[in-house]
1. Write out, first by first residue and then by second, each pair whose Cβ atoms fall under 6 Å of each other, whose residues are 6+ apart or on separate chains, and whose first residue, in segment 208-225, is within 17 Å of residue 369 (Cα to Cα) while the second is charged (D, E, K, R).
2. Given (1) in contact with a strand residue (DSSP E or B) (Cβ under 6 Å, 6 or more places away or on another chain); (2) assigned by TED's automatic domain parsing to the domain that holds residue 326, where does residue 48 come up short, assuming only one miss?
3. Is it the case that some residue within segment 288-297 is surrounded by fewer than 15 Cβ atoms within 10 Å (Cβ to Cβ) and without any contact (Cβ under 8 Å) to a residue 12 or more places away in the chain?
4. Would you point out the residue of segment 315-332, among those that are among the small types (Gly, Ala, Ser) and closer than 15 Å to residue 106 by Cβ, that is modelled with the lowest pLDDT?
5. So, in segment 403-420, exactly how many residues are in contact with a Pro (Cβ under 7 Å, 6 or more places away or on another chain) and either over 26 Å from residue 57 (Cα atoms) or modelled with pLDDT of 95 or more (or both)?
6. Could you list all residues from segment 265-281 that are touching a strand residue (DSSP E or B) at 6+ places or on another chain (Cβ under 7 Å) and buried (at least 24 other Cβ atoms within 10 Å of the Cβ)?
7. Are there strands (runs of 3 or more DSSP E) fully within segment 193-288 with at least 3 residues that are touching a helix residue (DSSP H, G or I) at 6+ places or on another chain (Cβ under 9 Å) and closer than 30 Å to residue 428 by Cβ? List them.
8. Select, from 270, 218, the only residue that is out of contact with any Leu (no Cβ under 8 Å at 6 or more places or on another chain), assigned by TED's automatic domain parsing to the domain that holds residue 100 and at negative phi.
Amino acid sequence: MSTPWLEWDRQHSWHPYTRLLTSPEPVPIERGEGPYLITSDGRRILDAISSWWVNIHGHTHPRLVRALAEQSSKLQQVIFAGFTHEPAARLAHELVERSPEGLDRVFYSDNGSTAVEVALKMAIQYWRNRGEPERTLFVHMKNAYHGDTVGTMSVSGVSTFRGHFQELLFESREAHAPTCPECPVEQTCPRCAIENRVELRDILAEEGDRVAAVIIEPMLQGAAGMIVWPAEFLRYVRRVTEEAGIPLIADEVFTGFGRTGTMFACEHGPVTPDMMCLSKALTAGYLPLAATLCTSAIYQEFEREDPNATFLHGHSFTANPLACAVALESLAIFDEDRCLERVGRLELLYRKRMEEVAQLPAVTSVRVLGGMAAAVLHPGGGTGTAGTSGSGGYFDELGPHLYREFMRRDILLRPLGNVLYVLPPYVVEDEDVDRIFDAVVEVVGAL
């Protein structure tokens, strides 16, 4: 099969990761339908990773398509500096209403990395506006991933994504985080959490008044290999940062909007961060949009009469009306379809099916949280931690092999090295979930 647009794609497009992790040729997709992606030659591929973790209501949802069309007939784009519009104002209100209490200001941007960059810059200038410009050090967690821009790479711990750019990165200290059940200090909960606590507290004490903020992916570190935290550790990080007077940034770009079983992962604490970063499922994966929420205590430091206190950050498509309108409709669907209840049912189904997966010889551990299920694989009895080490980590040759095997079965699963995870849209039917896990048992069982 050959079409003009495929030839143009081969000649001019640059696809991230394609040659390295999958195959030399990208798969041509013509349209989507619910949890399915439909190719140019009519294959129906079950999207078991939510198209890179963004799609929660399925592809081509009629209400989201209609919301986009209706907004496009009224206002497509307007500068958000000195102007405003109803979709952005309504969305800010809805986000504040749903977020942990105390987060009451919303700063819009257009993707997850940018939402985190905004929080980092906000933290630096917050202290500068308070007369403490020496606070420029960040503290991040081991195995962290916060994005691919320079600032977000600086506070990330997954070296795969930052190795080529080390000279560009600013200073950030790394603290241990739980990697349950493969504990790096060979302890069991809660002792593992106790070991981790000491280091974070010591770093904050050692660095004194140099720290600008601590940044975390609450409860679930995605790119590192779907590492699940105990809620106890989340509560401890919040307590330590509060005691030290250090702002806490929660990167919920991935974990937000039900992925971990609660609207936001911080609710597992429950804790309220000083800043919270959102994107991905914010628009159900239909348009780029991001938001960084903060407390009034953070916001008021930028409301000084001195113009130098202004937060000088803004993008052309900040608070794009089309994206805001789709996000509003997505939140309405989230409520009306009782998505959190659906995620709860999915979690129960995942746990049942993962009991079978855990018995496979190549599987060293499994974990389930909300709408995510993952298995760490080490064929031949190898050992390692959560996909970040072991037989090959992110570049483990096992990943491309598994990807190809599942694609032969018309299922899109894209392992993180030696970590195989399942993360479909919430609209996936139970029989499709069983189809996914039947394939997992077949493919992994043959390793």
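The values are calculated or read from the model by the stated rules, or taken from the named source; none is laboratory data. None of these values were measured; they are calculated from a predicted model. So basically every Cβ, Gly included, is an ideal-geometry build from the backbone, and we count neighbours across all protein chains shown.
1. 217/251
2. Result: residue 48 fails condition (2) only.
3. Initial filter on segment 288-297 (surrounded by fewer than 15 Cβ atoms within 10 Å (Cβ to Cβ)): 296-297.
Among the residues that remain, those that are also without any contact (Cβ under 8 Å) to a residue 12 or more places away in the chain are: none.
Among the residues of segment 288-297, not one is surrounded by fewer than 15 Cβ atoms within 10 Å (Cβ to Cβ) and without any contact (Cβ under 8 Å) to a residue 12 or more places away in the chain, which makes the answer no.
4. From segment 315-332, those among the small types (Gly, Ala, Ser) are 316, 319, 323, 325, 327, 330, 332; that's our starting set.
So of that shortlist, the ones also closer than 15 Å to residue 106 by Cβ come out as 319, 323, 327.
On the way: 319: 95, 323: 98, 327: 98.
In this case the residue turns out to be 319.
5. So in segment 403-420, the residues in contact with a Pro (Cβ under 7 Å, 6 or more places away or on another chain) come out as 403.
So of that shortlist, the ones also either over 26 Å from residue 57 (Cα atoms) or modelled with pLDDT of 95 or more (or both) come out as none.
Going through segment 403-420 one residue at a time, the tally reaches 0.
6. Passing the criteria: 265, 266, 273, 274, 275, 276, 277, 278, 279.
7. Working: elements: 211-216, 248-251, 275-278.
Where strands (runs of 3 or more DSSP E) fall fully within segment 193-288 and carry at least 3 residues being touching a helix residue (DSSP H, G or I) at 6+ places or on another chain (Cβ under 9 Å) and closer than 30 Å to residue 428 by Cβ, they are 275-278.
8. Values: 218 fails: out of contact with any Leu (no Cβ under 8 Å at 6 or more places or on another chain).
So the residue among 270, 218 that is out of contact with any Leu (no Cβ under 8 Å at 6 or more places or on another chain), assigned by TED's automatic domain parsing to the domain that holds residue 100 and at negative phi is 270.
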